Amino acid sequence: MSRPPATQYSIHLQVTLDNVPGVLGRLATEIGAAGGNIFAVDAFVAKGAKLDRDMVVNCSSVEHQSEVVAAVENTPGVTLRAWWDRTFRKHEGGKIEVLSLYPVGDQDDLSMMYTPGVARVCNAIAADESLADEYTIRKNTVAIVSDGT
């Protein structure tokens with residue numbers, strides 16, 4: 001049984017839509033048909049014949065993220081400008097120092113910053129150690145080591 005879409009696998013989409021009736025509806029339908037759950041649609045900016053929108057879509061796995069992105073890319077009247085995994089984005093440069101680098105205001109934030117979101121980032125680093133510089137404080141840290149003499 002597959003997992004339901006959840007915040008820990010949510011993606012942020014930046015899309016440009018043709019400014020004609022029905023395009024946003026088609027996009028929402030395609031995301032839903034791919035099993036994605038639209039969590040948020042931010043304000044839009046109309047630029048004549050085009051609309052720029054930011055959206056958050058909850059997915060159920062990394063593979064599912066790719067399926068949702070493919071559905072968006074194949075929706076007529078929609079151009080996908082950029083997308084990212086929200087959990088990994090919050091871990092860029094390391095997520096916590098003395099204070100959290102990002103506000104942890106609710107359970108949605110906590111699930112990406114700590115459990116279960118942090119496990120995804122840890123597993124990715126375990127599989128590819130080069131990711132440690134991007135998703136931890138390692139690149140921003142200097143170690144001073146002494147034997148006490």
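Where a number appears in this text, it was derived from the coordinates with a stated rule and is not lab data. Bear in mind the structure is a predicted one, so any value in this text is a computation, not a measurement. As a convention, Cβ positions derive from the backbone with ideal geometry for all residues, glycine included, and neighbour counts pool all protein chains shown.
Stretching the chain fully between Ala40 and Ala28 yields a gain of 3.2 nm (0.36 nm per residue, less the alpha carbon separation). Mean residue ellipticity, 222 nm, helices only, the chain: the sum of -39500 (n - 2.57) across DSSP H runs of n ≥ 4, divided by residue count and rounded to 500, is -9500 deg cm²/dmol.
To the nearest 20 Debye, how big is the dipole of the range 1-137 about its Cα centre, given +1 on the beta carbon of each Lys and Arg and -1 on that of each Asp and Glu?
Details: 11 positive and 18 negative charges, 80 e Å.
Roughly 380 debye for the range 1-137.
Which listed residue (Ala143, Ala71, Asn58) has the Cα farthest towards the positive end of the charge dipole for the chain, taking +1 on Lys and Arg C-beta and -1 on Asp and Glu C-beta about the Cα centre? Checking the options against the dipole of the chain, the answer is Ala71. For Lys139, the aspartates and glutamates whose Cα falls under 19 Å of its own Cα, not counting residues fewer than eight places away in the same chain, are Glu92, Glu97, Asp128, Glu129. Put simply, the amide H of Ala34, placed in the peptide plane, has no neighbours under 5 Å, leaving out anything fewer than 5 places away on its chain.
Placing dummy labels 7 Å off each Cα toward the beta-carbon, the span from Thr141 to Leu110 is 2.5 nm. With a ≥ b ≥ c taken as the square roots of the eigenvalues of the C-alpha gyration tensor of the range 10-78, please select rounded if a/c is under 1.5 and otherwise prolate if a/b is larger than b/c or oblate if it is not? Verdict is prolate for the range 10-78.
For Arg81, Arg26, what ranking results if the residue with the fewest other Cβ atoms within 10 Å of its Cβ goes first?
By the 10 Å Cβ count, ascending: Arg81, Arg26.
Across all Cα pairs in the range 88-140, the calculated P(r) in 10 Å bins from zero up to the longest distance comes to 26, 57, 16, 1 percent per bin. For Lys47, the aspartates and glutamates whose Cα comes closer than 17 Å to its Cα, not counting residues fewer than 8 places off in the same chain, are Asp18.
Tell me the relative contact order for the range 1-138 as a rounded percent, counting alpha carbon contacts under 8 Å between residues six or more apart.
This gives 29 percent for the range 1-138.
For Tyr9, the residues whose modelled amide H falls within less than 5 Å of its own, excluding neighbours fewer than 5 places apart on the same chain, are Cys59.
Phi angles of the range 81-90 translate, via the Karplus equation with coefficients 6.51, -1.76, 1.60 and θ = phi - 60°, into HN-Hα couplings of 7, 6, 8, 8, 6, 5, 5, 5, 4, 5 Hz per residue; Gly and Pro are given as x.
Rounded to whole Å and ordered largest first, report the semi-axes of the equivalent ellipsoid of the range 50-149 derived from its Cα gyration tensor (root of 5λ). After scaling each eigenvalue by five and taking roots: 33, 15, 13 Å. Between the Cα long axis of helix 62-73 and the first principal axis of the chain there is an angle of about 30°, rounded to the nearest 10.
Here Ile125, Ile137 are placed in order of increasing Cβ neighbour count within 10 Å, fewest first, which gives Ile137, Ile125. Residues whose amide H comes within less than 5 Å of that of Gly94, counting only those at least five positions distant or on another chain, are Tyr135, Thr136 (H built at 1.01 Å from N in the peptide plane). For the range 6-21, backbone phi angles converted through the Karplus equation (6.51, -1.76, 1.60; θ = phi - 60°) give residue-by-residue couplings of 8, 4, 4, 10, 6, 10, 9, 10, 10, 10, 10, 10, 4, 7, 9, x Hz, Gly and Pro being listed as x. May I ask you to evaluate 6.51 cos²θ - 1.76 cosθ + 1.60, the Karplus curve with θ = phi - 60°, for each residue of the range 104-120 and list the ³J(HN,Hα) values in order in whole Hz, giving x for glycine and proline? So the Karplus estimates, Gly and Pro as x, are 10, x, 7, 5, 4, 4, 4, 5, 8, 7, 10, 8, x, x, 4, 5, 4 Hz.
Ranked by how many other Cβ atoms sit within 10 Å of their own Cβ, fewest first, the residues Glu129, Glu30 fall in the order Glu129, Glu30.
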